[in-house]
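The values are calculated or read from the model by the stated rules, or taken from the named source; none is laboratory data. The structure presented is a predicted model; accordingly, all values stated were derived computationally and were not measured. Methodologically, a virtual Cβ is constructed for each residue, glycine included, from the backbone with ideal geometry; neighbour enumeration extends over all protein chains shown. Ligands, DNA and RNA are stripped out before the accessible areas are found, and what is left, the full protein with its side chains, is counted by its heavy atoms. Shrake-Rupley method; radii C 1.70, N 1.55, O 1.52, S 1.80 Å.
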Amino acid sequence: MHAFDVLGDPVRRRILELLADGELTSGAVTSVIQQEFGISQPAVSQHLRVLRESGFATVRPDGARRLYAVSTEPLRDVDVWLDRFRRFWTPPLDALATELARGKRQRRLQQQAGHDPDQENSP
């Protein structure tokens, strides 16, 4: 299964978001997913299986529990694929960062000069 086929499903994306914060038991994942998506435990298990089989998640036994975690390799592959498209959003974000820095500098200079622009809008 192609990475974007796996990531195209909102349930699987949400499971990966949950696992990005650290290992979770299958029961903990199931509880959140059932609550948020209203699907059955077997359906959640199927999504976990797809993530496992496609390499996006790993599972390890811990006694009677199964702990799931994110596997980074497929995500790196997606990142490499996306790299050729970054040029579409990186320059605008760089420009935004420049404008934010200019605004901070201007406010700092105004405050140093004893002029507080926030005071002008106060009632």
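Expressed as a whole percentage, what fraction of the accessible surface of the chain belongs to carbon and sulfur atoms when a 1.4 Å probe is rolled over the protein heavy atoms? Display every interim value, and only then the final one.
On the way: 4480 of 8590 Å².
C and S atoms contribute 52 percent here.
Compared with the direct C-alpha span, the chain from His2 to Trp89 gains 28.9 nm at full extension, assuming 0.36 nm per residue. Normalised per residue, the accessible area of the chain is 70 Å², obtained with a 1.4 Å probe and no contribution from ligands, DNA or RNA.
Each Cα pair under 8 Å and six or more residues apart adds its separation to the average, and for the chain the resulting relative contact order is 21 percent.
Rg/Rh for the chain stands at 1.26; both radii use Cα atoms, and Rh follows the Kirkwood definition.
Cα gyration tensor of segment 1-73, axes a ≥ b ≥ c as square roots of the eigenvalues: rounded (a/c below 1.5), prolate (a/b > b/c) or oblate?
On the way: a/c = 1.59, a/b = 1.09, b/c = 1.46.
In terms of gyration-tensor shape, oblate.
A crude spin-label estimate for the pair Leu109 and Ala28, with each label 7 Å from Cα along the Cβ direction, gives 5.0 nm.
Centroid-to-centroid, using Cα positions, segment 38-96 and segment 1-25 are 4 Å apart. With the helix formula -39500 (n - 2.57) applied to DSSP H stretches of n ≥ 4, the chain reaches a computed 222 nm mean residue ellipticity of -20000 deg cm²/dmol.
Tell me, in nm to one decimal, what length is gained between Glu73 and Asp21 on full extension, where the rule is 0.36 nm per residue of separation less the Cα-Cα distance?
So the chain would gain 17.0 nm between Glu73 and Asp21.
Extension gain, Leu82 to Asp9: 0.36 nm times the residue separation minus the Cα-Cα distance gives 24.5 nm.
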